[in-house]
Number of protein chains: 2
Amino acid sequence: MRLTKIEDFSGCLKGIGLANNLNSFRLIQTCPQSEARAGELLTPHGAVPTPVFLPVGSQGAVKTLTPEEVKALGINMVLANTYHLYLRPGIGVIEKLGGLHKFMAWEQTILTDSGGYQIFSLAPLRRVSDEGVIFRSHIDGSQHHITPELIVQYQESLGADIIMALDECPTYDDSLEKVEEATERTHRWAERCQKAHQRRDQALYAIVQGGIFPQLRRQSAEYLTSLDFPGYAIGGLSLGEPKEVTLAMIEETVALLPESKPRYLMGVGSPEDIIEAIARGCDIFDSALPTRVARNGALFTWQGRRNISNAAYSQMEQPVVPGCNCYTCRNFSAAYLHHLFGCDELLAYRLATIHNLGFITDFMAKIRGAIEDGTFRSFKDNFLANYQPTDEQIRLSQKQKWRERRNFR
Amino acid sequence: MRLTKIEDFSGCLKGIGLANNLNSFRLIQTCPQSEARAGELLTPHGAVPTPVFLPVGSQGAVKTLTPEEVKALGINMVLANTYHLYLRPGIGVIEKLGGLHKFMAWEQTILTDSGGYQIFSLAPLRRVSDEGVIFRSHIDGSQHHITPELIVQYQESLGADIIMALDECPTYDDSLEKVEEATERTHRWAERCQKAHQRRDQALYAIVQGGIFPQLRRQSAEYLTSLDFPGYAIGGLSLGEPKEVTLAMIEETVALLPESKPRYLMGVGSPEDIIEAIARGCDIFDSALPTRVARNGALFTWQGRRNISNAAYSQMEQPVVPGCNCYTCRNFSAAYLHHLFGCDELLAYRLATIHNLGFITDFMAKIRGAIEDGTFRSFKDNFLANYQPTDEQIRLSQKQKWRERRNFR
């Protein structure tokens, strides 16, 4: 077999089904008492054990941290966002500078989200048609037109290892008709993305939509599965609907996804939600929550989130989580962190971010270990018995605080 | 000689003049063509080659950086501020937690400023008498009363290696009478600080005042020298007076200070000012300038400060200073930094801070090397020929920007 051009080689790989060698997933262990699974993603930038949590680096940086620090936390895959990078600094700039890995100095695996969710949640005005979306930038109001083909082209230019199809993301309280229309459009767009996708070193995942309607979720999972993507995301959840509904939708969807492909639950990042979704068969997670709440002083402990600004911490010599192996807990007292937050020192946001990402990474490693040991169910029961979930009111007030501050943070 | 108590031992050290063994200064080389000198401070927390620039960690943290990062920059001495730490988290908290070194996880040398300057510049209301100062906190308006004795006691509790006497800091345009009064009070307070000072492992430096009046500067230097402190600071300069006046006051003061003692020019931090002051015999410098302007995107280069937000950097693949050995320049393009500043990503402030502190540290090392090699004059001429100082207008607009943002940074 003689190959003269990269294109030939790509075509060849596609033809004989070898694409998966560059970007593959293998199941290592399944839990006999739940749908939980331990596996491994292989990408051109390394191996990623699953279940895995991806820190969010929407604009090409995990907020407050250097890539060196992220790596030191044991993290080997991050998420970036096509919508944000398209608007700033522009896809062309990153391409010219050698692609996203080089631009953000991250040598491990990257997944880029297509930006569908951001267009439908951040952009102040948009007009959707089958052709694509016309929207206005949330930064300067400028008008932009994107299509499934363009989103794939942009993600090929960025060069992430895993890229996402463009989806239309309805809100959780939209009508059946509206959600149905969005779901069907998402399907047509996924197909067009698949056709447009050239780079065989990247894996293109499809996004299952369907809102909170079981029949739509099933249709969506079935339809997209028939197109044979190398991975499937579950989008449009955790947007305000009750938790039982989220979990029910995950169950409906996962039941129809192929066992051999990775399943990525988008936008879920609290420990109590992650572990429930793992029990239902999800492998990949991303969310800004652990880093965002960190910047508001909410730190994960095995008993739940704690606010470091509480007076109880003002003189505490111990770290926030005694025995925690993160840089923050190894070096600083809770009192020091309390002090830094009191003074709005930028170091506070870093140290809290390091702790929360260290906690989640440790949590995921423990879960993987438990699945491999066959002790996942007892690990989960034990974790949930000790962990006090943050109540809805605190969540909302944290989110409000974040919205108020986002302009300068 | 039998010693039963620490106090006995301290008294003994004081009596036989051994206090300097714990905290000493030695001259290594003087420049034949200027007053520049290379030396070494020895403190209980290590050796510090001089001339040295101290990054400012007023509230117990060098803004945006971990102690690990500060150390990795080759920095082995930082400044903290008694006024700030007294207000937050309180001296008692830090003492209870094992002292300032442990609190901020900094194992090298610390100098604490007495807070005199802050009381006279930040506190919204104050009443000065010979007894001390009554002032209101700039944070919550609460009223506080401090005296020279208390300031020494607080600094002994914090446990820095070098501590400062309380001084009264007039503004640069105060009348001769007012400055004279403040200078004489500063002398009486220095004497009281000296008497109150117990910890022999700490060196207490006096602060020369005298505003922009040569005769008062001389009187102050002579008077404080007669009290035999282990080090002398020059305070009350670089507060808005013309540069030639600053330099003239430094010359007047240094001429009367003992050669064998370190000379600390407070609050001066721009490269062009530092090198002129070194040529006039100063050894130690501190200023928030390099870190503050970094957070506004102004980065040091050998040609002067450059603003990374300029469009010229938007696609620049090279680092800000090609060949610079700092973490920022080793890992990131100028375009990436430009992008992070454009998005207000917190990582921007860190990477810029690392660069500016790395630059100043490298600059100080080059100056020391030149003094030791006998090439300081040509190094200085060469540096100043290439370095374009920031003009006064840009300086003022940067400072204004900083004032506007200080509440949330």
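Given the criterion touching a His at 6+ places or on another chain (Cβ under 7 Å) and aliphatic (A, V, I, L, M), identify the matching residue among A:LEU204, A:LEU237, A:LEU227, A:LEU216.
A:LEU204
Cβ-Cβ below 6 Å, separation at least six or inter-chain, first residue in region A:355-369 and open to solvent by 10 Å² or more (accessible area, probe 1.4 Å), second at pLDDT 95 or above: which pairs?
What qualifies is A:GLY358/A:LEU73; A:GLY358/A:CYS326; A:THR361/A:LEU73; A:THR361/A:GLY74; A:THR361/A:ILE75; A:ARG368/A:ALA38; A:ARG368/A:PRO49.
So B:ASN310 passes all but one of these: (1) buried (at least 24 other Cβ atoms within 10 Å of the Cβ); (2) free of Cβ contacts under 8 Å to residues at least 60 places away in the same chain. Which condition number does it fail?
Unmet for B:ASN310, out of (1) buried (at least 24 other Cβ atoms within 10 Å of the Cβ); (2) free of Cβ contacts under 8 Å to residues at least 60 places away in the same chain: (1).
Can you name the residue in region A:318-332 that is open to solvent by less than 20 Å² (accessible area, probe 1.4 Å) and either within 7 Å of chain B (Cβ to nearest Cβ) or among the hydroxyl-bearing types (Ser, Thr, Tyr) (or both) and, of all such residues, is farthest from the chain's Cα centre (by Cα)?
Once the filter is applied, the top-ranked residue is A:PHE332.
Please find, within region B:209-242, the residue that is nearest to the chain's Cα centre (by Cα) out of those that are modelled with pLDDT under 95 and open to solvent by 40 Å² or more (accessible area, probe 1.4 Å).
Per the criteria, the residue is B:SER238.
Residues B:GLY236, B:GLY269: which one is of a type in the set (Gly, Ala, Ser) and either over 17 Å from B:LEU216 (Cα atoms) or assigned to a helix (DSSP H, G or I) (or both)?
Within the list B:GLY236, B:GLY269, the selection yields B:GLY269.
One line per residue, one yes/no per condition, for (1) surrounded by 18 or more Cβ atoms within 10 Å (Cβ to Cβ); (2) in contact (Cβ under 8 Å) with a residue 40 or more places away in the chain; (3) over 30 Å from A:SER129 (Cα atoms):
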{"position": "A:PHE53", "(1), (2), (3)": "yes, yes, yes"}
{"position": "A:SER58", "(1), (2), (3)": "yes, yes, no"}
{"position": "A:ASN81", "(1), (2), (3)": "yes, no, no"}
{"position": "A:LEU87", "(1), (2), (3)": "yes, yes, no"}
{"position": "A:PHE103", "(1), (2), (3)": "yes, yes, yes"}
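Every residue, every condition in (1) over 13 Å from B:TYR86 (Cα atoms); (2) surrounded by fewer than 24 Cβ atoms within 10 Å (Cβ to Cβ); (3) of a type outside the set (Phe, Trp, Tyr); (4) in contact with a helix residue (DSSP H, G or I) (Cβ under 7 Å, 6 or more places away or on another chain), yes or no:
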| residue | (1), (2), (3), (4) |
| --- | --- |
| B:ILE139 | no, yes, yes, yes |
| B:GLN143 | no, yes, yes, no |
| B:PRO148 | yes, no, yes, yes |
| B:ILE163 | yes, no, yes, yes |
| B:LEU166 | yes, no, yes, yes |
| B:GLU177 | yes, yes, yes, no |
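For region B:336-345, name all the residues that are part of a helix (DSSP H, G or I) and surrounded by fewer than 24 Cβ atoms within 10 Å (Cβ to Cβ).
Those that are part of a helix (DSSP H, G or I) and surrounded by fewer than 24 Cβ atoms within 10 Å (Cβ to Cβ): B:PHE341, B:GLY342.
Does region A:205-233 hold any residues that are in contact with a Cys (Cβ under 9 Å, 6 or more places away or on another chain), among the aliphatic types (A, V, I, L, M) and under 20 Å from A:GLU177 (Cα atoms), and which are they?
Correct list: A:ILE207 only.
With the requirement that a residue be polar (S, T, N, Q) and either touching a residue at least 60 places away in the same chain (Cβ under 8 Å) or touching a His at 6+ places or on another chain (Cβ under 7 Å) (or both), what does region A:148-164 give you?
A:GLN155, A:SER157
Between a first residue in region A:333-345 that is touching a residue at least 12 places away in the same chain (Cβ under 8 Å) and facing chain B (nearest Cβ under 7 Å) and a second residue that is among the β-branched types (Val, Ile, Thr) and open to solvent by 10 Å² or more (accessible area, probe 1.4 Å), which pairs have beta carbons less than 7 Å apart while being 6 or more apart in sequence or on different chains?
A:ALA335/B:VAL93
Restricting attention to region B:106-132, and to residues there that are farther than 21 Å from B:LEU79 by Cβ and among the hydrophobic types (A, V, I, L, M, F, W, C), which single residue is most open to solvent (accessible area, probe 1.4 Å)?
The residue in question is B:LEU125.
Which ranges mark the helices (runs of 4 or more DSSP H) fully within region A:43-159 that have 2 or more residues being away from chain B (no Cβ under 12 Å) and under 19 Å from the mean Cα position of the chain (by Cα)?
A:82-87, A:116-121, A:148-158
Is it the case that B:GLU35 is open to solvent by 20 Å² or more (accessible area, probe 1.4 Å), part of a loop (DSSP other than H, G, I, E, B), over 15 Å from B:PHE285 (Cα atoms) and of a type in the set (Asp, Glu)?
When the stated conditions are applied, B:GLU35 passes them.
Select, from B:ILE371, B:ILE394, B:ILE367, the only residue that is modelled with pLDDT under 95 and either over 22 Å from A:LYS63 (Cβ atoms) or not aliphatic (A, V, I, L, M) (or both).
Selected residue: B:ILE394, the only one of B:ILE371, B:ILE394, B:ILE367 that is modelled with pLDDT under 95 and either over 22 Å from A:LYS63 (Cβ atoms) or not aliphatic (A, V, I, L, M) (or both).
The values are calculated or read from the model by the stated rules, or taken from the named source; none is laboratory data. If you're wondering where the values come from, they're calculated on a predicted model, not measured in any experiment. Note that each Cβ is placed from the backbone with ideal geometry, even for glycine, and that neighbours are counted across all protein chains shown. Protein only, heavy atoms only, side chains kept; ligands, DNA and RNA dropped before computing areas. Shrake-Rupley method; radii C 1.70, N 1.55, O 1.52, S 1.80 Å.
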